[in-house]
Structures are given as C-alpha cells and as structure tokens.
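The values are calculated or read from the model by the stated rules, or taken from the named source; none is laboratory data. Remember, it's a predicted structure, so these values are computed and weren't measured experimentally. Glycine also receives a Cβ, built like all others from the backbone with ideal geometry; neighbour counts cover every protein chain displayed.
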Amino acid sequence: MPLPKAELHLHIEGTLEPGLAFALAARNGVELPFKDAEELRHAYHFEDLQSFLDLYYRLMAVLHTEDDFAELADAYLARAAAQGVRHAEIFFDPQAHTSRGVPLATVVEGLGRALDTSEERHGVSTRLIMCFLRDESAASAMETLLAAKPYLHRIAGVGLDSAEAGHPPAKFREVYEVAAELGLRRVAHAGEEGPPAYISEALDVLGVERVDHGLRCMEDPELVERLVRDRVPLTLCPLSNVRLRAVRTLEEHPLPAMMDAGLMCTVNSDDPSYFGGYAGDNFDAVQRALGVGEERLRELARNSFLASFLEDDEERRALLIAEVDAYDFGADRA
Ligand SMILES: [Zn+2]
C-alpha cells in the first residue's frame, strides 16, 4: 500500500494520456498531427513552459462532450488512487475550452459527474479549482468567473496558470476580489518561471492561501522567512520542474533545502501525462534522486492534508493524517 497523500497541484487537462487522446480524437472526428500514440509520446520533449503549453492546448481540442470530461477525470482518479492519493484538488482551465466553443456547463458537469462518485469508487475525495489563463486578459478571466456563478456548488476555489513571465498576479486583482466575495478559496501559480516578487504579489494582492510551485522563493531570503513564519503551503512539482527546465536535473531540485529552511512543502504531479509521472511517481523520484528519507516523505504527506481545503470535513482530514502517521514504510517494501 502506497503512502496516503493529497494532490493539490494537478491540471486535469494535463492527465490526458496519448491513448485516451487518440480514442477521443477518433470519437469526435478531430485530426491529431501525430500518426499514433507512440509518435505523440515522442513529442513530449519540451524546451520550456511555452513549448509544453503549445502541445497542451493542441491536444485538449479532442475534449468535446460531458462524457469526454467525465472519462478524463475518471481515468486520472483511478491512476491517482493506485498511487496512494486519497484527496485531490483538481485544476481545470475553462477558457481553454470555451474559447473553442465548448460550453462551460459541459466542462463542469462532465468533470463533476466523475468527481461525484470518486470517494465511493476510488476512495478519493475531491475539490474542483477553476483556473484563469494568465496570458489572457483580466476581462476574460472576469467573464469566466461570472459565467461560473451557476456552478459554484461544484467549485471550491480559483487559481491562475499558463505562461507566467510577463503576466504578474496583480493583473487579476479585481477578479480575485470578486472570487473572495463569492466565497471561493484562492491559489495561484507563482515563482515557477516568474520572479520571487510574483510570489509576494500573489499573497499581498490576490490574497492566495497556497502558492503553486513557489520554487524561486529560494532566491529571496526575506520571502522565505515570511513563507515559513506564515506557514504558506507550496505545491511543488519536481518531475514537472525537470521536464520544463526550471531545474537542470532532479538531483539539483531545491526540495531538501526548502524543507531544511522550514518551508511547508508538498509534492504533486502538475501535468502527469506530459511530465513523466503521477503523485506517487513524484514521491518515488524525490526519494531516489534527492535521498529524501522516510520521515520527510511522511512530513510531505502530512503537509498535503494540512494544506488541503478539507475545512468542511475535518473528520476526514484527521483520519487521513492519522493514516499518514501510522504508515509503515517497511510494509510497502515487503
Ligand atoms: Zn501547474
């Protein structure tokens, strides 16, 4: 049995495996610029965030119907469960779908259908977090937020993703103000490719409760001190950082230094289909490449539940943390 964990940084569109992409392309009559799943897999070599995003947006064009979104989410939940994920806070990018004519209702209801039965079928509780594309305008984000009002019973929070450099958090100040008024939780990607100042800005201007990535905080000792003092959770994604060249090699990943500094780190998969692994694969990778020991893996797992938005189900949070505390690494090896 793998170590129980929560996944807090996961883009559902980034779980689209080549096999499912081809199946959906055939079903929906979408032409993909690759001969087969094997050739597509070879395209998963990226220079940077932008080169990944180009393929990412191209592939998600196979998603059209509620069934497609439900199938996508269900495939992720099954894989995540097999790697010990017991709670998942799942990002989705509505603008990437509405901009190509897929209604928001189709996306939310399709994902929602899979999430509704996830706990019962996969043992994974879930939350849905709606992300805005930061390389689109603030007006487009606001329009998306207001259009989501009928579906807020399905949406726990908002996030900010896509190309970071040149798109500072403050661009979305008003959108986040309205999100807060609507009672939504707030997170944002910051400090992946963008500078440490974007992390401070996400906290100060957008009022985020968690920082997605936050890797580059290590360049600013005062910021690290603040993040430690305020126990701001960071959702790190080690395999993603290597694939998108935020770090040169996994062995050079700052996770151990970040934990030494007292930062509240979590380990997540980001876009697992593209970056070489799901949540458990990321845990295995940091254990292997960085020598992160068992007690630190336990701390990462505990952090993931502490940093999750399980406030309305403290009983489940306590239960899952107790499972982490009681976890026997020896039994997993046996
Ligand atoms: Zn991400």
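Any residue in the stretch 158-176 that's more than 14 Å from the ligand (Cβ to nearest atom): show its pairings with residues that are charged (D, E, K, R) and part of a helix (DSSP H, G or I) at Cβ separation under 7 Å, as long as the two are six or more apart or on different chains.
P168/E201; P169/E201; A170/E201
Counting only residues that are under 19 Å from the mean Cα position of the chain (by Cα) and more than 17 Å from R210 (Cβ to Cβ), how many does the stretch 300-327 have?
Total satisfying the criteria: 0.
Restricting the search to the stretch 261-277, which residues are under 25 Å from L40 (Cα atoms) and within 14 Å of the ligand (Cβ to nearest atom)? Before the answer, list the steps.
At the first step, the residues of the stretch 261-277 found to be under 25 Å from L40 (Cα atoms) are 268-277.
Correct list: N268, S269, D270, D271, P272, S273, Y274, F275.
Determine which member of the set L160, L184, L206 is at pLDDT 95 or above, over 20 Å from C217 (Cα atoms) and of a type outside the set (V, I, T). Show your work before the answer.
Working: L160 fails: over 20 Å from C217 (Cα atoms); L206 fails: over 20 Å from C217 (Cα atoms).
Only one candidate qualifies: L184.
Taking A43 as the residue in question, decide whether it is on the phi < 0 side of the Ramachandran plot, surrounded by 18 or more Cβ atoms within 10 Å (Cβ to Cβ) and among the small types (G, A, S). Talk me through it step by step, then tell me what you get.
On the way: on the phi < 0 side of the Ramachandran plot: yes; surrounded by 18 or more Cβ atoms within 10 Å (Cβ to Cβ): no; among the small types (G, A, S): yes.
In short, no.
Kindly indicate the residue of the stretch 177-198 that is of a type in the set (D, E, K, R), more than 18 Å from D312 (Cβ to Cβ) and more than 16 Å from the ligand (Cβ to nearest atom) and also farthest from the chain's Cα centre (by Cα) among those meeting that condition. Walk me through how you get there before you give the answer.
First, the residues of the stretch 177-198 that are of a type in the set (D, E, K, R): 177, 181, 185-186, 192-193.
The next check asks that each one be more than 18 Å from D312 (Cβ to Cβ); those that pass are 177, 181, 192-193.
Filter once more, keeping what is more than 16 Å from the ligand (Cβ to nearest atom): 177, 181.
Working: E177: 22, E181: 24 Å.
Out of the qualifying residues, it is E181.
Would you tally the residues in the stretch 43-95 being modelled with pLDDT under 95, closer than 25 Å to S304 by Cβ and aromatic (F, W, Y)?
Applying the first criterion (modelled with pLDDT under 95) to the stretch 43-95 yields 43-61.
Those still in the list that are closer than 25 Å to S304 by Cβ too: 49, 52, 56.
Filter once more, keeping what is aromatic (F, W, Y): 52, 56.
Of the residues in the stretch 43-95, 2 are modelled with pLDDT under 95, closer than 25 Å to S304 by Cβ and aromatic (F, W, Y).
Please note which helices (runs of 4 or more DSSP H) are completely contained in the stretch 1-72 and include at least 2 residues that are in contact with a Leu (Cβ under 8 Å, 6 or more places away or on another chain) and within 16 Å of the ligand (Cβ to nearest atom). Write out each step before concluding.
On the way: elements: 18-28, 37-42, 49-59.
Fully inside the stretch 1-72 and qualifying: 49-59.
Consider the stretch 129-144. How many of its residues are under 19 Å from the mean Cα position of the chain (by Cα) and in a helix (DSSP H, G or I)?
1
Within the stretch 217-247, restricting attention to residues that are modelled with pLDDT under 95 and among the basic types (K, R), which residue is nearest to the ligand (Cβ to nearest atom)?
R243
Looking only at the stretch 114-144, which residues are hydrophobic (A, V, I, L, M, F, W, C) and more than 20 Å from E66 (Cα to Cα)?
In the first step, residues of the stretch 114-144 are kept if they are hydrophobic (A, V, I, L, M, F, W, C); the result is 114-115, 124, 128-133, 138-139, 141-142.
V124, F132, L133, A138, A139, A141, M142 - these are the residues of the stretch 114-144 that are hydrophobic (A, V, I, L, M, F, W, C) and more than 20 Å from E66 (Cα to Cα).
So which residues in the stretch 69-106 are more than 17 Å from the chain's Cα centre (by Cα) and not hydroxyl-bearing (S, T, Y), if there are any at all? Reasoning before the result, please.
Restricting attention to the stretch 69-106, the residues satisfying the condition of being more than 17 Å from the chain's Cα centre (by Cα) are 70-71, 82, 97-106.
Result: A70, E71, A82, H97, R100, G101, V102, P103, L104, A105.
Taking the conditions exactly as written (away from the ligand (no atom under 15 Å from the Cβ), modelled with pLDDT of 95 or more and surrounded by fewer than 24 Cβ atoms within 10 Å (Cβ to Cβ)), does D312 satisfy them or not? Full working, then the answer.
On the way: away from the ligand (no atom under 15 Å from the Cβ): yes; modelled with pLDDT of 95 or more: no; surrounded by fewer than 24 Cβ atoms within 10 Å (Cβ to Cβ): yes.
When the stated conditions are applied, D312 does not pass them.
Scan the stretch 203-216 residue by residue and report those that are closer than 16 Å to M259 by Cα and either more than 16 Å from the ligand (Cβ to nearest atom) or surrounded by fewer than 24 Cβ atoms within 10 Å (Cβ to Cβ) (or both).
If the condition is that a residue be closer than 16 Å to M259 by Cα and either more than 16 Å from the ligand (Cβ to nearest atom) or surrounded by fewer than 24 Cβ atoms within 10 Å (Cβ to Cβ) (or both), then R216 is the only one that fits.
Conditions tested, residue by residue: (1) out of contact with any Ser or Thr (no Cβ under 6 Å at 6 or more places or on another chain); (2) crowded, with 22+ Cβ neighbours inside 10 Å; (3) touching a residue at least 12 places away in the same chain (Cβ under 8 Å).
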{"site": "A61", "(1), (2), (3)": "yes, no, yes"}
{"site": "F69", "(1), (2), (3)": "yes, yes, yes"}
{"site": "P94", "(1), (2), (3)": "no, yes, yes"}
{"site": "L104", "(1), (2), (3)": "no, no, yes"}
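In this structure, is G280 more than 16 Å from the ligand (Cβ to nearest atom), modelled with pLDDT under 95 and not acidic (D, E)? Please lay out each step first, then the result.
Values: more than 16 Å from the ligand (Cβ to nearest atom): yes; modelled with pLDDT under 95: no; not acidic (D, E): yes.
Answer is no for this residue.
Being polar (S, T, N, Q), modelled with pLDDT under 95 and either buried (at least 17 other Cβ atoms within 10 Å of the Cβ) or away from the ligand (no atom under 16 Å from the Cβ) (or both) is the requirement here; does S140 meet it? Walk me through it before giving the result.
Details: polar (S, T, N, Q): yes; modelled with pLDDT under 95: no; either buried (at least 17 other Cβ atoms within 10 Å of the Cβ) or away from the ligand (no atom under 16 Å from the Cβ) (or both): yes.
Judged against the criteria, S140 is not a match.
Find all pairs meeting these conditions: Cβ atoms under 8 angstrom apart; at least six residues apart or on different chains; first residue within the stretch 180-194 and in contact (Cβ under 8 Å) with a residue 40 or more places away in the chain; second residue within 16 Å of the ligand (Cβ to nearest atom) and assigned to a helix (DSSP H, G or I).
Pairs that qualify, where the first residue is in contact (Cβ under 8 Å) with a residue 40 or more places away in the chain and the partner is within 16 Å of the ligand (Cβ to nearest atom) and assigned to a helix (DSSP H, G or I), are E192/L49; E192/L215; E192/R216; E192/N241; E193/L49.
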